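No lab work stands behind these numbers, since they all come straight from the coordinates. Please read these numbers as outputs of a predicted model, since none were measured by experiment. Virtual Cβ from ideal backbone geometry, glycine too; neighbours counted across all protein chains shown.
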Amino acid sequence: MAELEVEKLRLRFGGLTVLDSVSFAVEKAELFALIGPNGAGKTSVLNCISGLYPGEGAIRFRGTSISGMSAHQVARLGIARTFQHGELFPHMTVAENLLTGRHARIRTNPLKEMFFTRTVWREEVAHREAVEKIIDFVELERYRNAPVANLPFGIQKIVGFARALAMEPAILLLDEPSAGLNRDEREDLARFILRIKHELGIAMIWIEHDMQMVADLSDRLHVLEYGRSVAEGSPDTVLKDPRVISAYLGTAAI
């Protein structure tokens with residue numbers, strides 16, 4: 001059974017069709033890249049999966065329909081995502097931002113937290129230990145207690161990536177995590193992505209414009225153009241497809 005299945009996904013805003021019958025499936029521990037020119041509908045696909053947009057069609061997580069679920073319900077199932085611009089809490093530290101990523105795993109209630117019972121104390125310790133593991137995993141130790149607003153943009157992007165990982169997800173939705181990163185930061189990101197795949201076995205749907213990274217890292221590609229699927233397959237096959245070249249460079253390039 002696939003980790004995630006998207007079948008005939010459609011999204012409309014009034015008379016505008018953003019997605020038109022998009023279908024694909026993602027397997028466990030697979031790095032599945034969603035590519036296409038600007039405006040192709042890639043982020044809209046992630047928004048539908050994560051419950052931010054009410055798309056039509058079927059979306060199934062491990063065989064169970066999640067179509068129509070709210071964003072917090074989808075997150076509790078184990079689907080986490082990053083955003084193009086980080087969407088962090090700037091005046092909180094790196095560790096505190098990662099703790100917010102643990103919200104779906106909190107099992108206490110406000111009354112117990114008010115009296116800071118033994119159960120709350122044990123859970124607090126467990127969440128902080130989980131965050132420390134993620135900080136070590138993405139090599140943010142030196143920034144642990146730094147306010148996010150004081151960090152370079154590239155480090156903030158890694159913090160957003162780490163916050164999604166702190167949820168301990170079954171699926172990661174990565175929306176252009178390398179955008180704005182320099183070469184060294186991109187190499188670090190590529191290393192973290194490969195470790196997630198091989199060590200943690202987490203499936204990833206990855207929106208990316210760096211075709212070299214896509215060709216080097218991804219298992220399969222799915223190409224969108226104007227909200228429609230153009231091609232799907234291995235990087236070697238898809239990136240040589242005349243339809244894909246046309247979508248990116250125009251028909252004169254074929």
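Which residue, Thr82, Thr93, Thr237, has the most motion in a Gaussian network model of the chain that connects Cα atoms within less than 10 Å?
Greatest mean-square fluctuation among the candidates belongs to Thr237.
Amide H neighbours of Ala203 under 5 Å, at least 5 residues apart or on other chains, H built in the peptide plane: list them.
Residues meeting the amide H criterion: Ala29, Glu30, Leu172.
Based solely on its DSSP helices, what 222 nm [θ] is calculated for the chain when runs of n ≥ 4 H residues each add -39,500 (n - 2.57) and the sum is averaged over all residues, nearest 500 deg cm²/dmol?
One gets -10500 deg cm²/dmol as the mean residue ellipticity at 222 nm.
Can you give the direction-averaged projected area of the convex hull of the alpha-carbon atoms in region 187-243, in nm²?
Computed as one quarter of the Cα hull surface, the answer is 4.2 nm².
Using a Gaussian network model of the chain whose springs link C-alpha atoms within less than 10 Å, name the residue from Pro169, Pro242, Pro147 with the highest mean-square fluctuation.
Looking only at Pro169, Pro242, Pro147, the biggest GNM fluctuation is shown by Pro242.
Got a sec to turn the phi values of region 49-55 into Karplus ³J(HN,Hα) couplings, 6.51 cos²θ - 1.76 cosθ + 1.60 with θ = phi - 60°, whole Hz, x for Gly and Pro?
Computed from phi, the couplings for region 49-55 are 4, 7, x, 7, 10, x, x Hz.
Let me know the whole percent of all Cα-Cα pairs from region 130-170 that are separated by more than 11 Å.
When all Cα pairs of region 130-170 are counted, 63 percent exceed 11 Å.
Could you give the distance between the Cα centres of region 10-89 and region 149-225, to the whole Å?
16
Please compute the volume of the convex hull spanned by the alpha-carbon atoms of region 98-210 and report it per residue in Å³.
Per-residue hull volume (Cα only) is 116 Å³.
Let's see if you can work this out: charge +1 on each Lys and Arg Cβ, -1 on each Asp and Glu Cβ, no other charges. What is the dipole magnitude of the chain about its Cα centre, in debye to the nearest 20?
So the dipole magnitude of the chain works out to roughly 700 debye.
Using only the Cα atoms of region 43-102, what are the Rg and Dmax in Å?
Cα radius of gyration and Dmax of region 43-102 are 13.3, 40 Å respectively.
Return the distance in nm (one decimal) between the two label points of a simple spin-label model at Asn150 and Lys240, each offset 7 Å from Cα along Cα→Cβ.
Placing both labels 7 Å beyond Cα along the Cβ direction yields 5.2 nm.
Given the chain, report the % of alpha carbon pairs whose separation exceeds 33 Å.
Result: 21 percent of Cα pairs exceed 33 Å.
Pop out the ³J(HN,Hα) list for region 17-27 in order, Karplus 6.51 cos²θ - 1.76 cosθ + 1.60 with θ = phi - 60°, rounded to Hz; leave Gly and Pro as x.
Karplus-based 3J(HN,Hα) across region 17-27 equals 8, 8, 10, 10, 6, 7, 9, 6, 9, 10, 8 Hz.
List every residue whose amide H lies under 5 Å from the amide H of Arg81, counting only residues 5 or more places away in sequence or on a different chain, with H placed 1.01 Å from N in the peptide plane.
Residues meeting the amide H criterion: Leu173.
Considering only Gly201, Gly63, Gly41, give the residue with the highest GNM mean-square fluctuation for the chain, with springs between Cα atoms whenever their separation is below 10 Å.
Maximum fluctuation in the GNM of the chain, among the listed residues, is at Gly63.
Mind pulling the angle between the C-alpha long axis of helix 183-195 and the longest principal axis of the chain? Nearest 10 degrees, somewhere in 0 to 90.
80
Could you pull out every residue, at least 5 positions away or on a different chain, whose amide H is within less than 5 Å of the one on Val230? Hs are placed 1.01 Å off N in the peptide plane, and Pro or chain starts have none.
Amide H to amide H, under 5 Å and 5 or more residues apart or across chains, Val230 pairs with Val223, Leu224, Glu225.
Going down the list Lys157/Lys197; Lys133/Lys197; Lys28/Lys240; Lys8/Lys28; Lys8/Lys197, which pairs span over 24 Å between their C-alpha atoms?
In this structure, Lys28/Lys240; Lys8/Lys197 exceed 24 Å between Cα atoms.
Hey, what do the phi angles of region 68-77 turn into as Karplus ³J(HN,Hα) couplings, whole Hz, using 6.51/-1.76/1.60 and θ = phi - 60°, x for Gly and Pro?
Going residue by residue, I get x, 6, 6, 4, 6, 5, 5, 4, 5, 6 Hz, with x marking Gly and Pro.
What Kirkwood hydrodynamic radius do you get for region 1-130 when you take the inverse of the mean 1/r over all pairs of distinct Cα atoms, in Å?
Evaluated over region 1-130, this radius sits at 17.1 Å.
Can you give the FRET efficiency for Thr117 and Arg12, using 1/(1 + (r/R0)^6), R0 = 45 Å, r = Cβ-Cβ distance, to the nearest 0.05?
0.40
What is the pair-distance distribution P(r) of region 9-81, computed from all Cα-Cα distances in 10 Å bins starting at 0, with each bin given as a whole percent?
18, 54, 26, 2
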